[in-house]
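Working notes, beginning with the structure itself.
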Amino acid sequence: MSYSMYRPGSLAEALDIRRETAATPFAGGTDLMVRHRGYKGTGHRIPGPLLFLDRIDEIQHIRREGDQLVIGAAASLSDILAHPDCPPVLAEALELHAAPAIRNRATLGGNIANASPAADSVPPLLVLDARLTLSRSGGERRLDLSAFATGPGRTVLDADELITDIRIPAAGKDALGVRHYYRKAGTRRANALSRVSLAGLARIHGAPGELSLADFRFAFGAVGPTVFRIRELEEAALAGADIAELRAVAAGRIRPIDDQRSTADYRRAVALNALEEFLGQLAAQQGETP
Ligand SMILES: Cc1cc2nc3c(=O)[nH]c(=O)nc-3n(C[C@H](O)[C@H](O)[C@H](O)COP(=O)(O)OP(=O)(O)OC[C@H]3O[C@@H](n4cnc5c(N)ncnc54)[C@H](O)[C@@H]3O)c2cc1C
C-alpha cells in the first residue's frame, strides 16, 4: 500500500496540511509502523495521507516555562529521559519503555495520542496532573490529560488538530516530601507492552508510625478502557481509610479484561497489590527525611 506524504518544516505549515487533508500525524512511527504491517491484533492499516512531524523543531523542545515543565509533543522519550527536569515518576516509566532504539524514535505525543489503555507514560503523567495543548490553524486549546482519551484508540482530538505540547505543573515534580511509585507488569522487562501499568504520587507528613497523607494520587493503566485515577479512592486515602477499605474502593472501580496479553484476574490482583504496596511504602517511609 502506498501513501501520500507531507513533511513540513514548520508547525504553521503542518496545521494547514492537517486542516486541508486531515492527514494522519506520524511522529516516531513506533505504533504506526506496527499498524501499517497489519499484524493480527494491531488494528487497522493507517488511514493516509501521512503527516511527518520529525522536521518541526517547534514541537521537539523540553523546557521550563514559569512553574511548568513543557515537553514538545514530538520530543523523543530518550531526550525526555535525559533531561534534568524529567520528574522521577515519569523517568521510571520511560526507562522501562521498550529498548533504547525504540525510545530514540518514540514520542510522548504519540504515546498519548495512541490512546492505549496500556500506554506507559500516561499513569505518571496523570498523577503529575499533566495538561495538553491541542493546536489547530489559528488557535489552540488546553485540556487536562484525564479528559483526552475516551476509550481504546479514541480521543477528543479533532481531525484538524495536533497535540503540540504536554505541560507538567512544578508542584508535580518531586519536591520535598513527595514520594512516587511506578510499577509495570509486562511479559518481560524490555520490549514488552504492559499487562498492567500503575503510578502513584504522595506527600506524607506527621510523626513516624502513623501514616498521614497531605496529598495522594494513584493512576491505573490497562485495567479499564482508558488510564484513569479514582477521586473517591484518593479522597478516602486522605481521610485516613485503611488499606482494606482502599483496596475495596479500587476493586469496585477497575474493569480489567482478558486478552492476548493477560487475564482480568491477574490484572486485578497486580493493580490492587500495587496500590497496597505503595501505601505500605509510604507507611514505612513515614518520619524519614525525604
Ligand atoms: C517493540 C515496541 C515496544 C514498545 N514498548 C512500549 C512500552 O513499553 N510502553 C508503551 O507505552 N508503548 C510501547 N510501544 C508503543 C509505542 O512505542 C509508543 O506508544 C510510542 O510512544 C508511540 O510514539 P510514536 O512517536 O512512535 O507514535 P506514532 O507511531 O508516530 O503515532 C502513534 C499515534 O499517535 C498519533 N500522533 C502522534 N503524534 C501526534 C501528535 N503530536 N498529535 C496528534 N496525534 C499524534 C499518530 O497519528 C498515531 O495515531 C512499543 C512499540 C514497539 C514497536
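One table, with the values for the structure above:
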item: Beta bridges by DSSP in the chain, antiparallel share as percent, to the nearest 5; result: 90 percent
item: Net charge of Cβ neighbours under 14 Å - reference Asn273; Lys, Arg +1; Asp, Glu -1; result: +3
item: Equivalent ellipsoid, the range 211-262 (semi-axes from 5 times Cα gyration tensor eigenvalues, Å); result: 24, 11, 8
item: Extension reserve of the Val34-Arg255 stretch, reckoned as 0.36 nm per residue once the Cα distance is removed; result: 76.9 nm
item: Nonlocal amide H pairs with Phe216, under 5 Å, H built at 1.01 Å; result: Arg203
item: Percentage, to the nearest whole number, of Cα pairs in the chain over 35 Å apart; result: 18 percent
item: Phi-based couplings in Hz for the range 134-139 (Karplus 6.51, -1.76, 1.60; Gly and Pro marked x); result: 10, 10, 9, 3, x, x
item: Tensor-based shape of the range 1-126 (alpha-carbon gyration tensor, a/c under 1.5 rounded, otherwise prolate or oblate); result: oblate
item: Inter-probe distance in nm under a simple model that places probes 7 Å from Cα toward Cβ, at Arg64 and Arg141; result: 3.2 nm
item: Relative contact order of the chain, pairs being alpha-carbon contacts under 8 Å that are 6 or more residues apart, as %; result: 16 percent
item: Cβ crowding within 10 Å averaged over residues, with 58-70, 215-227, 129-141, 17-29 ranked highest first; result: 215-227, 17-29, 129-141, 58-70
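Every number here is computed from the coordinates shown, using simple stated rules; none is lab data. Please read all numbers here as calculations on a predicted model, not as lab measurements. With ideal geometry, Cβ positions are generated from the backbone for all residues, glycine too; neighbour counts draw on all protein chains shown.
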